[in-house]
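Let me begin by presenting the structure, written as structure tokens, before commenting on it.
Every number here is computed from the coordinates shown, using simple stated rules; none is lab data. Note that the structure is a prediction, hence the values are computed from the model and not measured. For neighbour counting, all protein chains shown are included, and Cβ atoms are generated from backbone atoms with ideal geometry for every residue, glycine included.
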Amino acid sequence: MQAIVQIRGLCRAYRQGDIEVVALNNISLDIPEGGFTALMGPSGSGKSTLLHIIAGIDRPTSGSCVVRGVNVAELSETELAGWRNSQIGFIFQTFNLIPVLSAFENVEMPLLLTGLSGAERRAHVEAALELVGLQDRMHHLPRQLSGGQEQRVAIARALVTDPTLIVADEPTGNLDARAAADVLELLTVLNRDAGKTIIMVTHDPKAAGFARRMLHLEKGELLRDEEMRGV
Amino acid sequence: MPSIPLSYNVRSIRVRWRTTLATVWGVGAVVAVFVMVMSLARGLKATYVQTGDPRNLLVLRSGSTAESSSQITREELARMKYLPGIERDAQGRPMFSPEIIVLIYLDRLNAEGGANVLVRGMGEMGLVVRPSVKLVEGRMFESGRRECVVSRRIANRFANCRIGDSFKAGKGEWTVVGLYEAERSAYESEIWADADEVRAAFGRDFYGSILLRPESEETAARVTKRIESDLALNARVLKETDYYSDQTRSAGPIQFMGGFLAAIMSIGAAFAAMNTMYAAVGARTREIGTLRVLGFKRRSIYLSFLLESVILSGVGGLLGCLASLPLNGVATGTFGWTTFAEIAFEFRITPELLGKGMIFALAMGILGGLLPARMAARKPVLDALKA
């Protein structure tokens with residue numbers, strides 16, 4: 001299958017006082033279109049840094065990260081913002097919904113940058129919320145939703161622009177087992193039935209078990225690349 | 001450029017209602033003070049601008065800038081009274097009023113203390129050359145008697161000024177026989193009596209000024225030239241309206257005080273707005289990071305937070321303007337720097353003044369919001385998300 005993400009010789013180092021910390025060291029890998037990839041590793045292994053670079057919210061020190069033909073590292077701040085809006089759907093561990101906006105308005109936010117009409121936006125938002133099973137919670141504020149529901153709203157927000165990639169940073173980290181299973185099931189459905197390419201950072205082997213491929217990082221290096229059978 | 005919806009700002013403001021209220025109150029108070037003090041200055045200015053008849057000429061001693069410092073002798077008066085070009089009434093009498101002003105001290109009505117009030121002694125034509133002045137109660141004073149008419153505003157502010165009342169001033173006791181209104185002009189800060197009685201009571205053997213009515217614009221120029229070129233007179237002639245317009249400098253100190261007070265207070269209010277917005281940026285750092293991840297550009301974040309500050313100050317400005325509105329038309333008085341007497345006037349709150357108050361409020365919002373908005377826009381995405 002064609003690679004949607006091509007990473008070559010990727011390094012990311014940053015300074016902590018006088019010390020240079022290497023977060024990623026010479027990573028090269030391909031992520032195929034339509035894949036469900038889990039990035040695993042202990043704290044400080046560089047898995048979140050890798051995800052952030054792929055999502056265009058961090059920049060590599062050297063090397064390249066090409067997503068569907070675009071080297072993300074070469075885009076300006078302004079170009080990156082537009083690129084993230086059209087190419088990336090981001091799911092956070094802490095949901096990161098805007099607390100003063102309803103579920104509908106939260107999902108609508110990325111669409112405000114697309115030039116769609118109000119009616120078109122409404123149709124997209126309703127479809128996305130229906131897909132995550134929250135059409136009856138559209139006008140609820142985040143605080144009126146459970147953690148699992150909040151994360152499903154965040155997933156609807158991530159997929160409403162029909163992005164190239166959905167990236168999830170510990171999406172079940174703040175959920176109980178039941179809600180976590182629901183969210184992972186939803187991601188699996190999005191990958192399997194809607195063909196969405198998903199990259200998920202997790203340190204939970206159970207969560208990683210939902211993916212079809214697992215990349216194991218440690219100390220900024222890629223240790224293992226395993227194909228999984230999925231659940 | 002696509003922008004972050006306004007509802008996001010408005011609802012965020014509502015969530016932080018305590019700090020919102022403090023900022024709105026601060027900006028509102030500054031705008032209210034600004035509008036009130038400026039309306040005071042405007043009311044005072046308007047009082048002078050509205051005084052006088054454009055047809056009248058005022059004669060003062062050459063070199064005098066005010067009636068109070070001018071002296072015109074009886075001989076000089078006689079040289080001017082029958083000059084050709086001065087309008088005459090139906091009985092053929094020249095419309096010519098020799099006048100003198102003196103200050104008397106009167107107790108305030110229903111309040112402690114008192115203030116100087118201007119008494120104008122005038123000739124028998126004094127009322128005729130001031131057609132805008134209307135006797136609203138009682139009658140006009142009679143020549144040769146210690147009687148006076150009082151403006152209704154003065155009667156409302158000072159003791160012993162009602163019809164039938166009397167007060168001591170100079171060497172005599174004056175009886176109030178009438179009340180007048182003068183279309184909110186400076187005349188409403190005066191008490192009028194017979195010029196010769198005033199001169200006698202206050203020991204003056206001169207007049208202060210002459211108010212006369214020329215037949216026309218052309219004759220006004222001739223009369224002016226005739227008086228000013230007469231070496232025996234040593235007088236200057238000016239339009240009555242110009243004389244009073246010039247007195248608007250009385251409003252200067254108030255205007256300065258208003259501007260100064262508002263400037264000092266606005267610095268505090270702008271800092272309050274800044275503080276509120278810094279707190280808002282601090283509390284919503286992760287939201288800023290999320291918005292950036294979703295694709296909103298730095299400029300959108302910047303404008304959104306700046307707009308929020310402007311909304312805050314706009315609401316404050318609106319409330320400040322509303323708070324000042326009840327003062328519109330309220331009568332008050334102040335010390336007049338040119339007459340050294342109390343000047344009665346009304347607060348004047350005009351749409352233009354309210355507009356200036358709002359601009360002032362929005363300027364405070366922009367000033368207070370600039371740095372916090374810049375800080376919000378410049379936050380690196382990752383740092384913001386980790387907050």
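Where does the Debye-calculated log10 I(q)/I(0) of the stretch A:166-231 sit at q = 0.19 Å⁻¹, using only Cα point scatterers of equal weight, no solvent?
Calculated log10 I(q)/I(0) at the listed q: -0.74.
So, in nm, how far is label residue A:192 from label residue A:162 when the simple model puts each one 7 Å beyond its Cα toward the Cβ?
In this crude spin-label approximation the distance works out to 2.4 nm.
Based on Cα positions only, what radius of gyration and what Dmax would you give for the stretch B:1-63, in angstroms?
Just the Cα atoms of the stretch B:1-63 yield Rg and Dmax of 24.3, 71 Å.
Would you calculate, for chain B, the mean residue ellipticity at 222 nm contributed by helices, counting each DSSP H stretch of 4 or more residues as -39,500 (n - 2.57) and dividing by all residues, to the nearest 500? Intermediate results must be reported in sequence, preceding the final value.
On the way: 12 runs with 188 residues, N = 387.
Value at 222 nm, helices only: -16000 deg cm²/dmol.
Which percent of Cα-Cα pairs in chain B sits in each 20 Å bin, short to long?
Here the calculated profile for chain B is 25, 37, 21, 15, 2.
Among A:114, A:49, rank each residue by its count of other Cβ atoms within 10 Å, from fewest to most, as a rough exposure measure.
Working: A:114 15, A:49 23.
Ascending number of Cβ neighbours within 10 Å: A:114, A:49.
Return the sequence-ordered ³J(HN,Hα) values of the stretch A:90-102 in whole Hz as given by the Karplus equation 6.51 cos²θ - 1.76 cosθ + 1.60 applied to θ = phi - 60°, using x for Gly and Pro.
The phi angles translate into 10, 10, 9, 4, 9, 6, 6, 7, 7, x, 8, 9, 6 Hz.
Ranked highest first by the average count of other Cβ atoms within 10 Å around their residues, in what order do A:152-159, B:66-73 fall? Don't jump to the answer; show the numbers that get you there.
Details: A:152-159: 27.0, B:66-73: 18.1.
Averaged packing, sorted descending, gives the order A:152-159, B:66-73.
Find the centroid of the Cα atoms in the stretch A:1-78 and in the stretch B:311-387, then give the distance between the two in whole Å.
About 51 Å separates the Cα centre of the stretch A:1-78 from the one of the stretch B:311-387.
Which percent of Cα-Cα pairs in the stretch A:1-77 sits in each 5 Å bin, short to long?
3, 15, 25, 27, 17, 8, 3, 1, 0
With just the Cα atoms defining each centre, how far is the stretch A:86-148 from the stretch B:242-307? Give it in Å.
34 Å
If you place +1 on the Cβ of every Lys and Arg, -1 on the Cβ of every Asp and Glu, and leave all else neutral, what size is the dipole of chain B about its Cα centre, to the nearest 20 Debye?
The calculation lands at about 2520 debye.
So if the hydrodynamic radius of the protein assembly as shown is defined as the Kirkwood radius over C-alpha pairs, what does Stokes-Einstein give as its diffusion coefficient at 25 °C and 0.890 mPa s, in µm² per second?
Working: Rh = 30.7 Å.
Roughly 80 µm²/s, to the nearest whole number.
Find the Rg to Rh ratio for the stretch B:63-233, where Rh is the Kirkwood radius over alpha-carbon pairs and Rg uses the same atoms. Please report the intermediate quantities before stating the final value.
Details: Rg = 16.6 Å, Rh = 16.8 Å.
Looking at the stretch B:63-233, the ratio lands at 0.99.
Can you give the helix-only mean residue ellipticity at 222 nm for chain A, where every DSSP H stretch with n ≥ 4 adds -39500 (n - 2.57) and the sum goes over all residues, rounded to the nearest 500 deg cm²/dmol?
Numbers: 7 runs with 74 residues, N = 231.
Using -39500 (n - 2.57) per qualifying helix, the result is -9500 deg cm²/dmol.
Could you give log10 I(q)/I(0) at q = 0.19 Å⁻¹ for the stretch B:1-116, computed by the Debye formula over C-alpha point scatterers of equal weight, without solvent?
For the stretch B:1-116, the Cα-only Debye profile gives -1.17.
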